[in-house]
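A.B. asks: Sharing a structure below in structure tokens format, with a few things to ask.
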Amino acid sequence: KNTSCKGTQKRKCEKKWAVSCMAKNEGKKFEEDFKNSVPATAYIYKLKDAGGWSNATNTRFTVNNICDYIMYSKPTMYLLELKSFKGKSLPYSNIKKNQTKGLLDASEYAGIRAGIVANFRELNETYYIDIRELAKFKKSSNRKSYPLDLFREKGQLIEQEKKVTRYKYDIEKFIKGE
């Protein structure tokens, strides 16, 4: 929270901070719901998010993971970057270059599915899409974002069911490729 703002400016800063936190919370809820939806027959591991430390010079470091989760269901390992957002497109800027490169590298190995799980919150639609499809689209497009139609045409719909205020995702069906 930015406490260096004063008066009217302070209210604007607090509003921006609240909106920013709300977006982060929605993404965290999505990750939590996704993880809780994984069947007991599959293994899932959450990689540590970017963190930091500070000293007198306020030095920071960040973790540069290629994805959020590693999931395994025999015989396939999944490297999954989860994104939850408003709107009908996923901005290129939401996927870091090191993530694209790392997921593309991993996708070259047999038995690994590497990609993005995109949650279109306002539409209640969630898709898995292979990172190679995103790379191919970005290379051949003048857009600045991946459109919903790309996910619908090239991705795999992950069915979801709203449980009062949270979601349960059919990860078992996703794993089976249905």
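A.B. asks: Would you please classify the overall shape of segment 39-178 from the alpha carbon gyration tensor, given that a ≥ b ≥ c denote the square roots of the eigenvalues, rounded means a/c under 1.5, and beyond that prolate means a/b larger than b/c while oblate covers the rest?
C.D. replies: Values: a/c = 1.36, a/b = 1.23, b/c = 1.11.
Verdict is rounded for segment 39-178.
A.B. asks: Considering only protein heavy atoms and a 1.4 Å probe, what is the carbon-and-sulfur percentage of the accessible area of segment 119-178?
C.D. replies: Carbon and sulfur: 44 percent of the exposed surface of segment 119-178.
A.B. asks: Using R₀ = 45 Å, calculate the FRET efficiency as 1/(1 + (r/R₀)^6) where r is the Cβ-Cβ separation of Ser140 and Thr76; round to 0.05.
C.D. replies: On the way: r = 28 Å, r/R0 = 0.62.
It comes out at approximately 0.95.
A.B. asks: Over 30 Å between Cα atoms, which of Lys83/Lys136; Lys97/Lys162; Lys28/Lys144; Lys96/Lys163; Lys86/Lys173 qualify?
C.D. replies: Lys97/Lys162; Lys96/Lys163
A.B. asks: Only Cα pairs under 8 Å and at least 6 apart count here; give the relative contact order of segment 65-178 as a rounded whole percent.
C.D. replies: That works out to 23 percent.
A.B. asks: Given a Förster distance of 30 Å, report the FRET efficiency between Ser107 and Lys163 from their Cβ-Cβ distance, rounded to the nearest 0.05.
C.D. replies: E(calc), rounded to 0.05, equals 0.40.
A.B. asks: I want to check the label-to-label distance for Asn64 and Glu122. Put each point 7 Å from Cα in the C-beta direction and report it in nm to one decimal.
C.D. replies: 3.4 nm
A.B. asks: Please work out the Cα center distance from segment 138-178 to segment 93-115, rounded to the nearest Å.
C.D. replies: Between the Cα centres of segment 138-178 and segment 93-115 lies a distance of 17 Å.
A.B. asks: Ranked highest first by average number of other Cβ atoms within 10 Å, how do 117-124, 69-76 line up?
C.D. replies: 117-124, 69-76
A.B. asks: So what is the relative contact order of segment 89-148, in percent, for Cα pairs below 8 Å that sit 6 or more residues apart?
C.D. replies: Numbers: 58 pairs, mean separation 24.8, N = 60.
Worked out over segment 89-148, it gives 41 percent.
The values are calculated or read from the model by the stated rules, or taken from the named source; none is laboratory data. Computed from a predicted structure; not experimentally measured. Neighbour counts are summed over all protein chains in view; Cβ atoms, including those assigned to glycine, are modelled from backbone coordinates with ideal geometry. These accessible areas exclude ligands, DNA and RNA; they are computed on the full protein's heavy atoms, side chains included. Shrake-Rupley method; radii C 1.70, N 1.55, O 1.52, S 1.80 Å.
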